[in-house]
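K.L.:
Questions regarding the structure given below will be posed in turn.
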Amino acid sequence: MKQLLILPLVAGVLVTGCAPKPGAEKNLAIDPSNMDTTVACGEDFYEYACGGWIKKNPLKPEYARYGSFDVLAENNQKQMRELIDELEKAENEPGSVAQKVGDLYKMGLDSVRLNKEGVSPISEALKNIASLDDKAAFASLVAQMHKEGSSPFFQLYVGADEKNSSMNIVNLYQGGMSMGDRDYYLSEDSANVKIRDAYKKYINKLFTLAGYSAEKAVAAEKNVMNIETALAKVAFSREETRNPLKNYNKMPMTDFLKQMNGFDWKSYFSALGLDSLNEINPNQLPFIKGMDALVGGLTSEEIRDYLIFKQINTASSYLSDDFVQARFDFYGKVLSGQQELKPRWKRSLSVTDGALGEALGEMYVAKYFPPEAKERMLKLVENLRISLGEHIDSLEWMSAETKAKAKEKLAAFYVKIGYPDKWRDYSGLTIDPKKSYWDNVREAAIFESDYMLSDVNKPVDKTRWLMSPQTVNAYYNPTTNEICFPAGILQPPFFYMDADDAVNYGGIGVVIGHEMTHGFDDQGRQYDKDGNLKDWWTAEDAKQFNLRADKLADQYSSIIVLDTVHANGRFTLGENIADHGGLRVSYTAFKNATKGQDLKPIDGFTPDQRFYLAYAGLWAQNIRDEEILRLTKIDPHSLGKWRVNAALRNLESFFQAFGITEKDPMYMKPEDRVTIW
């Protein structure tokens, strides 16, 4: 629920054109067949660098977007499937991690049993909801549903107090809208109207599958839609949720309760075992107040219909095929443009990975992540840290006072690579094959919630990982000032053990620089070296930063992603700053690491060209129109094409590497470019 900031001095370079030079050394870390050299690099570098890959990797029906990340994720899935298959060949002791992993995975594959059970795994829960008729009982049920992975009305999480980052605090976050973003409910453009109509049909379908008559299903559908639309009307915009100060509202619990009179908060917190809370942080306080007032005005029937829908919707992926298909028809086909469900084994593996991530991760790294990879990554990170320090020192617009504090924050980065030093204990989680698949998934969610709730009023554990080792991603967490690179992403095309430095700095080097730069993007810069939300900038330096950030936001907002729909440069600003910083910082680190070396072209491409080709290759992808529109609405990252073309247009070293001039569409005049870090 708490958003992680997830995947930041130019030396002279050789001026060449787009075409590679003949002959020279070869290394397929840059595969020429992934390129489309019929497109001029100065016209559309993304197509030039990735056009061959795009043609070779048409969208599979199960994907709304398929790119380099997905290729690596698929490979990791196959490796984890092999690990699970090996577990099944042995006699696994009841209660062991092997038993839990193997049984949960097998339950997800058992279509015969799932279809035979139908709605029965949640029938008792639905009857329970239908029997409730008072505020205390509703609030206690909401608490239980939150523990089980559902999010009626709002969300709760335990995380660092952003102004006292060494201690955890209970946070409330806006939620309750099953389409995810408020604009799906409020926007009147034709695309959103069609999505809303499809969503209403989906709500109706779930009630019908659960045994409601046609008349009652229509009435329930209206109640659900009215409640979620009312929640959308008081919700923060996507841009507002990115403002740390606006989302920090810590107060004594007594003050919070005085402001609320619609929802039975005391019963809710008591059901979570949080009767003695002294303080709380309602992130989006106007939303929480609006939600509280909304609940106070609802009838019991309206609340019951809403909670029943949330229950069915949460469980639908773990029930019979008719529920799974109904969910996919809306979330997969309508929202994302997917044509087919992913194979059952992939879906089951994803559930197992979500429930027992570090258990699978321990097996994964033992087999697929050699110690030398971690050692090389540590060296890369240190080189990137030195480079970012040089960039900070060279900033003409920043004062010496702010530079000194920025360097202190950089030096304090907490680096996590590959896997945690201490593995998580899953002995408290029971996976029982005699129970339904949903019951076991629910137990795993409760186990995870209890793990989170156990942190209330305790110091923050900086050693804890927020991603499993097999995850193909990376993150920066501002409250712990940490950068994390799981083993899953430390594979080709991001990292090659046997490739030239140009490729690795253009790939994983930029990823490292990207995460480091998150510590200094429009959000991250508001946190100090200890992870506290604290202004450490002079007023003039903050002004100069914002001038440059605003210019970058405008650059991206001018991009048309599809038809007449523009990118949202303000919403994606943090990720765009990190992309720009990652490129600049990694390029400098590459030059520092290879200084004095006589680097030869490989496959006809100069080292600088290979750096930028490697970077572009990270974002090679095919994507459906529906997914373009969905991601433009909900994803703080720019689309892959623009993480290449829009980012590179600000870099003089890129223009020099490929001989791009003012005559080329990719070229941007120096006065229009943005340099922040």
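K.L.:
Rg and Dmax in Å for the range 324-388, alpha carbons only: what are they?
P.N.:
19.1, 52
K.L.:
Through the Karplus equation 6.51 cos²θ - 1.76 cosθ + 1.60, θ set to phi - 60°, convert the phi angles of the range 402-413 into ³J(HN,Hα) values in whole Hz; use x for Gly and Pro.
P.N.:
Once rounded to whole Hz, the list reads 6, 4, 4, 6, 5, 5, 4, 5, 4, 5, 8, 3.
K.L.:
Residue by residue through the range 619-635, which ³J(HN,Hα) values in whole Hz follow from phi under the Karplus form 6.51 cos²θ - 1.76 cosθ + 1.60 (θ = phi - 60°), with glycine and proline marked x?
P.N.:
After applying 6.51 cos²θ - 1.76 cosθ + 1.60, I find 10, 4, 6, 10, 8, 7, 4, 4, 6, 4, 5, 5, 5, 4, 7, 10, 9 Hz.
K.L.:
Going highest first, how would you order 77-90, 571-584 by mean Cβ packing within 10 Å? Intermediate results must be reported in sequence, preceding the final value.
P.N.:
Details: 77-90: 14.9, 571-584: 26.6.
By packing density, highest mean first, the sequence is 571-584, 77-90.
K.L.:
Across the range 356-364, in residue order, what do the Karplus-derived ³J(HN,Hα) couplings come to in whole Hz, using 6.51 cos²θ - 1.76 cosθ + 1.60 with θ = phi - 60° and x for Gly and Pro?
P.N.:
Taking θ as phi minus 60°, the curve returns 10, x, 6, 5, 5, x, 5, 5, 4 Hz for the range 356-364.
K.L.:
The range 124-318: D in µm²/s via Stokes-Einstein (Kirkwood Rh, Cα pairs, 37 °C, 0.692 mPa s)? Don't skip to the end; give the middle numbers.
P.N.:
On the way: Rh = 17.5 Å.
In µm²/s, the coefficient is 188.
K.L.:
Around LEU206, with a cut-off of 13 angstrom between Cβ atoms, what is the net charge of the other residues, counting Lys and Arg +1 and Asp and Glu -1? Don't skip to the answer; put the middle values down first.
P.N.:
Details: positive: LYS200, LYS201, LYS205, LYS216, LYS310, ARG327; negative: GLU221, ASP305, ASP322, ASP329.
Result for the local shell: +2.
K.L.:
For the chain, give the share of DSSP beta bridges that are antiparallel, in percent and rounded to the nearest 5; count only bridges with both residues there.
P.N.:
75
K.L.:
If each residue of separation counts as 0.36 nm, what is the full-extension length gain between ALA191 and ALA136 once their alpha-carbon separation is subtracted? Please list the in-between numbers first.
P.N.:
Working: separation 55, 0.36 × 55 = 19.80 nm, distance 3.97 nm.
The ALA191-ALA136 span can extend by a further 15.8 nm.
K.L.:
I would also like to ask the following. For the range 250-335, what is the largest minus smallest coordinate of the Cα atoms on each principal axis, given in angstrom and ordered from greatest to least?
P.N.:
Computed over the Cα atoms, the extents are 47, 25, 24 Å.
K.L.:
How large is log10 I(q)/I(0) at q = 0.14, 0.25, 0.28 Å⁻¹ when the Debye formula is applied to the Cα atoms of the range 436-506, each weighted equally and without solvent?
P.N.:
These q points yield log10 I(q)/I(0) values of -0.67, -1.13, -1.18.
K.L.:
Continuing with the same structure: Once R0 is set to 60 Å, what does the formula 1/(1 + (r/R0)^6) return for the Cβ-Cβ distance between ASN457 and LYS55, expressed as a FRET efficiency to the nearest 0.05?
P.N.:
Details: r = 56 Å, r/R0 = 0.93.
Calculated value: 0.60.
K.L.:
Roughly what % of Cα-Cα distances in the range 85-138 sit above 16 Å, to the whole percent? Write down the numbers at each step before the final one.
P.N.:
Numbers: 886 of 1431 pairs.
Of the Cα pairs, 62 percent sit more than 16 Å apart.
K.L.:
Rounded to whole Å and sorted largest first, list the principal axis extents of the Cα atoms in the chain.
P.N.:
76, 59, 51
K.L.:
Percent antiparallel among DSSP beta bridges with both residues in the range 124-318, to the nearest 5? Mind showing how you got there, number by number?
P.N.:
Working: 10 of 12 bridges.
Of those bridges, close to 85 percent are antiparallel.
K.L.:
Can you compute the equivalent ellipsoid semi-axes for the range 546-677, i.e. the square root of 5 times each eigenvalue of the Cα gyration tensor, sorted largest first and rounded to whole Å?
P.N.:
Values: eigenvalues 150, 57, 40 Å².
So the equivalent ellipsoid measures 27, 17, 14 Å along its semi-axes.
Coordinate-derived values only; no laboratory data. Quantities reported herein were computed from a predicted structural model and do not represent experimental measurements. Glycine gets a Cβ as well: all are built from the backbone with ideal geometry, and neighbour counts include every protein chain shown.
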